[in-house]
Amino acid sequence: MLDADFKAKLNAVLAARLPGCDGLAFVERLSGGASQETYRIYARIDGEKRPLALRRSAGGLKRNDTASNAPGLPAEAQLMRVALAAGVPEPEVFHVLEDADGLGEGFLMEWLDGETLGARIVRLPELAAARPKLAFECGRILARIHGIDVRAAGLDQVLETTTPVEFIGHTWERYQQFPTPQPMIDYAGRWLLDHLPDAPDLKLVHNDFRNGNLMVNADGVIAVLDWEGAHIGDPMRDLGWICTNSWRFGKTDLPVGGFGHYEDLFAGYESESGVQVDPEQVKFWEVFGSFWWAIGCLSMAEHYRSGPDASVERPAIGRRTSECQVDLVNLLIPGPATLVKAEDLTAATDMPRLDELLISVRDYLRGEVMNETQGRTSFLARVAGNSLDIVLRDLASGPAHREAEHQRLQALLGEDADLDALRRRLTQGLRDGSIPLDHPSLPEHLRNTVVNQVAIDQPKYSGFKTAMEMA
């Protein structure tokens, strides 16, 4: 439920900033968007209800995340305007919020009708004719983005310039500030620094161009969304990101967004830009994509602890770090892994058992709460039920998984300490190079640790299936 003060301020902004508008008719917060807020608005304009969209910073507060080099929502609005002028499909931006508006950072824009949910884009029958063309189209759009003259557009004044080595370093440092040792992340960070591409020609990079940030209809892509991570850097970052497995939505045989092939993406890019794509450089950025999003997921858990939007969604996304880590396993150290045996929770004699308490709450959320609510509330009830499923699987498999991990670490490191201390010893060794990436027992340990963790967090994830096919 949105508070009256928010609605009153929004009403005033609409009436003052949009010609012919006499105020707000309706507003709702949409379910998507974990780092920013998105609202659907109906404004009364010239006697009719007109749909608009509001994109706003989380909690209405100005973002204070210097580690991510985020340009901020005013710059994001500027980017969308510049991109639209360059032939990139974008909604029109009507107004960038000002301090006097009292709504925080954000902007009002045109509402476009299309599909934005990646899982639906790869499956909806009505998009079947469009899907085979999307990879080529995405290549052409990316070439247009990378062809924008950042100086002429004034973007060099609002965007950071980040080289590949700086991008890896900033991302890795951000993760190292979290109070959690995740050895597969450190392994990937070390690998990336060892396989840096040659100095690229730095261009405008969208940085989050993927299935899920594209609006699609039967004609193709009608909008590129979410410019909050844009910077000046290696343009191949964008091509690698749209191929990252997290954004294929289960369609592992179609590496470009779950709807297309590498060859079509590259052909579209080359046809527009005249620049030949190096597949190995794209693979580097595909590895980086899983590395970056593994850390991004952890940042959502950190934001739950310290940020203004402590929703049930953030810790749930935090657990998705294991999905990205199993993708890193499959890309860098593929091979067999063995799942631990899960405990039978129904064997306990307690009445009620722990699993029964959890299941009763989960089923209440998925049944009564979801049936009686809609929009974001219904979405968050589903998320909460999924989090309880993670707890149930952890109760069954977590103790054996962590005991096996502990034993492997003792053998690998030749030390006798508790599990957390050994995890930290391994991550430190990977960071400072004292433990080499080709240590003979390291890949097996990382594969088994990550595969068993994702079996707890999300056993339906496609990367887990890929890993188990190698067993």
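The values are calculated or read from the model by the stated rules, or taken from the named source; none is laboratory data. Predicted model only: the values in this text are computed from it and were never measured. For neighbour counting, all protein chains shown are included, and Cβ atoms are generated from backbone atoms with ideal geometry for every residue, glycine included.
Given (1) surrounded by 18 or more Cβ atoms within 10 Å (Cβ to Cβ); (2) within 21 Å of the chain's Cα centre (by Cα), identify the lone condition not met by residue 269.
(2)
Which one is surrounded by the fewest Cβ atoms within 10 Å (Cβ to Cβ), of the residues in segment 276-311 that are of a type in the set (A, V, I, L, M) and modelled with pLDDT of 95 or more? Lay out the reasoning, then the answer.
Step one: list which residues in segment 276-311 are of a type in the set (A, V, I, L, M), which gives 277, 282, 287, 294-295, 298, 300-301, 310.
Cutting the leftovers down to modelled with pLDDT of 95 or more gives us 277, 282, 287, 294-295, 298.
Values: 277: 21, 282: 23, 287: 19, 294: 26, 295: 22, 298: 22.
Only one residue tops the list, namely 287.
From the list 361, 454, which one is touching a residue at least 40 places away in the same chain (Cβ under 8 Å), at negative phi and of a type in the set (A, V, I, L, M)? Give the steps one after another, and end with the answer.
Numbers: 361 fails: touching a residue at least 40 places away in the same chain (Cβ under 8 Å).
The conditions single out 454.
Test of understanding: among 239, 192, 196, 204, which residue is under 23 Å from residue 36 (Cβ atoms), hydrophobic (A, V, I, L, M, F, W, C) and outside the structural domain of residue 461 (by TED's automatic domain parsing)? Show your work before the answer.
Numbers: 239 fails: under 23 Å from residue 36 (Cβ atoms); 192 fails: under 23 Å from residue 36 (Cβ atoms); 196 fails: under 23 Å from residue 36 (Cβ atoms).
Result: 204 is the single residue among 239, 192, 196, 204 that is under 23 Å from residue 36 (Cβ atoms), hydrophobic (A, V, I, L, M, F, W, C) and outside the structural domain of residue 461 (by TED's automatic domain parsing).
Need a quick list: strands (runs of 3 or more DSSP E) entirely within segment 163-252 having at least 1 residues that are touching a Gly at 6+ places or on another chain (Cβ under 9 Å) and either on the phi < 0 side of the Ramachandran plot or of a type in the set (D, E, K, R) (or both).
Fully inside segment 163-252 and qualifying: 203-205, 214-217, 220-224.
Can you find a residue that is at pLDDT 95 or above, assigned to a helix (DSSP H, G or I) and not charged (D, E, K, R) anywhere in segment 112-120?
yes
Can you list residue pairs whose Cβ atoms sit under 8 Å apart, with the first residue in segment 170-186 being within 24 Å of residue 160 (Cα to Cα) and the second being acidic (Asp, Glu)? Count only pairs 6 or more apart in sequence or on different chains.
Final answer for the pair search is 172/186; 178/302.
I'd like to check something: does segment 72-83 contain any residue that is surrounded by fewer than 19 Cβ atoms within 10 Å (Cβ to Cβ), part of a loop (DSSP other than H, G, I, E, B), out of contact with any Leu (no Cβ under 7 Å at 6 or more places or on another chain) and modelled with pLDDT under 90?
Scanning segment 72-83 turns up at least one residue that is surrounded by fewer than 19 Cβ atoms within 10 Å (Cβ to Cβ), part of a loop (DSSP other than H, G, I, E, B), out of contact with any Leu (no Cβ under 7 Å at 6 or more places or on another chain) and modelled with pLDDT under 90.
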